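Step one of this worksheet: look at the structure below.
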Amino acid sequence: MMLATADITGIVLAGGQGRRMGNVDKGFVEFDGRPLVAHVIARLAPQVATIVINANRNADRYAAFGYPVVGDAIGGYAGPLAGLHAGLSTAATQFVVTSPCDSPFLAGDLVARLAAAFDERPIDIAVARTFDQPHPVFALVRRSLLPHLARFLKGGGRKIDAWYGSLPVAEVKFDDEADAFRNINTPAELAQSTPAH
């Protein structure tokens, strides 16, 4: 089962409150002269058929990037799973891949390596991992999981690992690209980060 770019929609998760960044919309925090979300889109777009941006505020500003913007169907800033749910509800492809909006160093081969895991055995989700640390917000997910996810959220579930723990999942090693999964959560992390060129 070879996954093609045409089968995959990228979901940029920009629906959080940005509490550790001072309650600002992290997607629009400037890094190396551009908003963080612009870096993520530039790195993700070549790897997917199209992109959907999950955002709960500043929808017009996000729409200026030229992609659909969809808010959480579940209120109260319910976290990345609510963003995945919104993206799955919007995507027309068989698969979606997620990335947070505050990860400007996103791996250029993220999707290819996650997709390869689907060739090895029957799975529903492939999650990036560096050393002993899984990164569940960087995941390739079958769109057919939408009803399963909707039930989990309706039951009050919010933690990504608790959701996918009941599903056939593969963790894909990215030990050689560990820096690609660094995100910028705080003003201090922003100040300490240097652009990747």
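General remarks:
- Pairs where the first residue, in the stretch 114-128, is in contact (Cβ under 8 Å) with a residue 12 or more places away in the chain and of a type in the set (S, T, Y) and the second is part of a helix (DSSP H, G or I) and open to solvent by 30 Å² or more (accessible area, probe 1.4 Å), C-beta under 8 Å, 6+ apart: none
- For the stretch 66-86, a tally of residues being farther than 12 Å from G10 by Cβ, over 11 Å from the mean Cα position of the chain (by Cα), open to solvent by 20 Å² or more (accessible area, probe 1.4 Å) and not β-branched (V, I, T) returns 9.
- When L110, L190 are checked against the criterion of being at pLDDT 95 or above and hydrophobic (A, V, I, L, M, F, W, C), L110 stands alone in meeting it.
- Considering residues of the stretch 25-48 that are in a loop (DSSP other than H, G, I, E, B) and of a type in the set (D, E) only, the residue farthest from F65 (Cα to Cα): D32
- Note on the stretch 30-62: among residues that are surrounded by 16 or more Cβ atoms within 10 Å (Cβ to Cβ) and touching a Pro at 6+ places or on another chain (Cβ under 6 Å), the one that is modelled with the lowest pLDDT is F31.
- Inside the stretch 87-110, residues that are in a helix (DSSP H, G or I) and either of a type in the set (A, V, I, L, M) or open to solvent by less than 10 Å² (accessible area, probe 1.4 Å) (or both) make up a count of 3.
- Candidates R43, R57, R61: the one that is closer than 24 Å to A126 by Cα and of a type in the set (K, R) is R43.
- Residue within the stretch 111-134 that is within 26 Å of G155 (Cβ to Cβ), out of contact with any Phe, Trp or Tyr (no Cβ under 9 Å at 6 or more places or on another chain), open to solvent by less than 10 Å² (accessible area, probe 1.4 Å) and assigned to a loop (DSSP other than H, G, I, E, B) present: yes
The values are calculated or read from the model by the stated rules, or taken from the named source; none is laboratory data. Not measured: the values here are computed from a predicted model. All Cβ positions, even for glycine, are placed from backbone atoms using ideal geometry, and neighbour counts span all protein chains on display. Surface areas here come from the heavy atoms of the whole protein model, side chains and all, with no ligands, DNA or RNA. Shrake-Rupley method; radii C 1.70, N 1.55, O 1.52, S 1.80 Å.
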